[in-house]
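The values are calculated or read from the model by the stated rules, or taken from the named source; none is laboratory data. What you see is a predicted model; the values in this text were computed from it and never measured. Here Cβ is always computed from backbone atoms with ideal geometry, including for glycine, and neighbour counts include all displayed protein chains.
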Amino acid sequence: MKQKNVEIVAKPSEPHFVGDGFRVHNFIPSYPRMNMKRMDPFIMLDYNSKYNFPPSEIPKGVGVHPHRGFETVTIAYQGKVEHHDSSGGGGIIGSGDVQWMTAASGVLHKEFHETEWSKKGGVFQMVQLWVNLPAKDKMSAPKYQSIVNSEMAKVTLPLNAGVVEVIAGEFNGTKGSASTFSPLNILNAKLNKNGKVNFNMPSHFNTAVLVIEGEIIINNTEKVETDNLALMANDGENFTIEATENAIVLILSGEPLNEPIAAHGPFVMNTQQQLIDAFNDYNTGKFGYLED
Ligand code: MN
């Protein structure tokens, strides 16, 4: 098995606000070389690095907006977020939890800081990832999966190295909690200082490593600091991550769909005509109704 090398280490971009509740660094698709084609099936990655929100009586967030053609995956590290969508999905996720929303044929949803958390305020840290859907599944029914940390699949590493949470896909034979439409692995590794772990991902899977906490060394050579993302090359399967201090690392690896992408704002389809249809369906109320 060949080593999978680091292609680039990306520093977080200048943050911007999504609504008034998410202060994010965008990596996918705006970072040079991390466009939708290169990162396929991952089409968007916004990272809200640790940010202190002052107490607010009115929860901050993003109001009602549509999505079609993909899935939004929200991984909460600190803080609490509340979600509601027009297909009836909804829930609250907090530290360690994951919300996996399949927009597919279309939903309206809203994403806000949870009311009680908002009143107290505090440090907020979260990832939102968009996973593209295969053409054949883009118009399937919307779906909502809430994966609370206590029910998440976990693998304890030998030598007190830490634990790998299997959000989706598989790690060392343990299957992840989320159901997916295409082959992918989403892992959250919580490593102790000096803990080392080995990963195997098929060479053609597009793979990235985001350092949420602490500092790591990949393949004994590449240092990656907090809030930086390492894009892995498609040159091999095997890579190691060693924590130089207690660390949390999000690993994304997915088989490319290799289908045409037509994207505009909240809609990601395969053709321009499907985008026009999405706007028309949205404007004529076919995404359902959701109260502000
Ligand atoms: Mn959204």
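A quick yes/no check of all residues on (1) small (Gly, Ala, Ser); (2) surrounded by fewer than 22 Cβ atoms within 10 Å (Cβ to Cβ):
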| position | (1), (2) |
| --- | --- |
| 86 | yes, yes |
| 91 | yes, yes |
| 99 | no, no |
| 109 | no, no |
| 114 | no, yes |
| 123 | no, yes |
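For residue 247, indicate whether it is farther than 19 Å from residue 37 by Cβ and among the hydrophobic types (A, V, I, L, M, F, W, C). Yes: the conditions hold for residue 247.
When 34, 44 are checked against the criterion of being among the hydrophobic types (A, V, I, L, M, F, W, C), modelled with pLDDT of 95 or more and more than 14 Å from the ligand (Cβ to nearest atom), 34 stands alone in meeting it. Scan the range 261-292 residue by residue and report those that are among the aliphatic types (A, V, I, L, M) and either in contact with a strand residue (DSSP E or B) (Cβ under 9 Å, 6 or more places away or on another chain) or within 16 Å of the ligand (Cβ to nearest atom) (or both). Answer for the range 261-292, where residues must be among the aliphatic types (A, V, I, L, M) and either in contact with a strand residue (DSSP E or B) (Cβ under 9 Å, 6 or more places away or on another chain) or within 16 Å of the ligand (Cβ to nearest atom) (or both): 261, 262, 263, 268, 269, 275, 278, 290.
If you go through the range 209-246 and pick out every residue that is buried (at least 17 other Cβ atoms within 10 Å of the Cβ), aliphatic (A, V, I, L, M) and part of a loop (DSSP other than H, G, I, E, B), you end up with 0. Could you tell me whether residue 40 is surrounded by fewer than 21 Cβ atoms within 10 Å (Cβ to Cβ), among the acidic types (Asp, Glu) and within 25 Å of residue 205 (Cβ to Cβ)? Yes; evaluated as a whole, the condition is true for this residue.
When 118, 150 are screened for being surrounded by fewer than 16 Cβ atoms within 10 Å (Cβ to Cβ), modelled with pLDDT of 95 or more and closer than 30 Å to residue 54 by Cα, only 150 passes. Checked across the range 135-142, the condition of being away from the ligand (no atom under 13 Å from the Cβ) and either crowded, with 22+ Cβ neighbours inside 10 Å or over 27 Å from residue 41 (Cβ atoms) (or both) holds for at least one residue.
Considering 261, 218, 276, 251, which residue is farther than 19 Å from residue 136 by Cα and more than 18 Å from the chain's Cα centre (by Cα)? From the options 261, 218, 276, 251, the qualifying one is 218. If you go through the range 60-71 and keep only what is surrounded by fewer than 22 Cβ atoms within 10 Å (Cβ to Cβ), within 14 Å of the ligand (Cβ to nearest atom) and closer than 19 Å to residue 126 by Cα, you end up with 61, 62, 63. Residue-level analysis places residue 25 outside the set of residues that are surrounded by fewer than 16 Cβ atoms within 10 Å (Cβ to Cβ) and of a type outside the set (Val, Ile, Thr). Remark: pairs (first residue in the range 127-140, under 13 Å from residue 99 (Cβ atoms) and touching a residue at least 24 places away in the same chain (Cβ under 8 Å); second residue more than 16 Å from the ligand (Cβ to nearest atom) and not aliphatic (A, V, I, L, M); Cβ separation under 6 Å; 6+ apart in sequence or on different chains) = 131/41. For first residues located in the range 266-288 and touching a residue at least 60 places away in the same chain (Cβ under 8 Å) and of a type outside the set (Ser, Thr, Tyr), partners that are part of a helix (DSSP H, G or I) and crowded, with 19+ Cβ neighbours inside 10 Å and lie 6+ apart or on another chain with Cβ distances below 7 Å form the pairs 267/275; 267/278; 269/275; 269/278. Scanning the range 80-110 for residues that are among the polar types (S, T, N, Q), outside any strand (DSSP E or B) and farther than 19 Å from residue 282 by Cβ gives a single hit, 95. Close contacts from the range 71-90, counting a first residue that is modelled with pLDDT of 95 or more and a second that is of a type in the set (S, T, N, Q) and within 13 Å of the ligand (Cβ to nearest atom), with Cβ to Cβ under 6 Å and a gap of 6+ residues or different chains, come to 71/102; 74/99; 74/128. The sole residue among 258, 238, 246 that is out of contact with any strand residue (DSSP E or B) (no Cβ under 6 Å at 6 or more places or on another chain), polar (S, T, N, Q) and touching a residue at least 60 places away in the same chain (Cβ under 8 Å) is 258.
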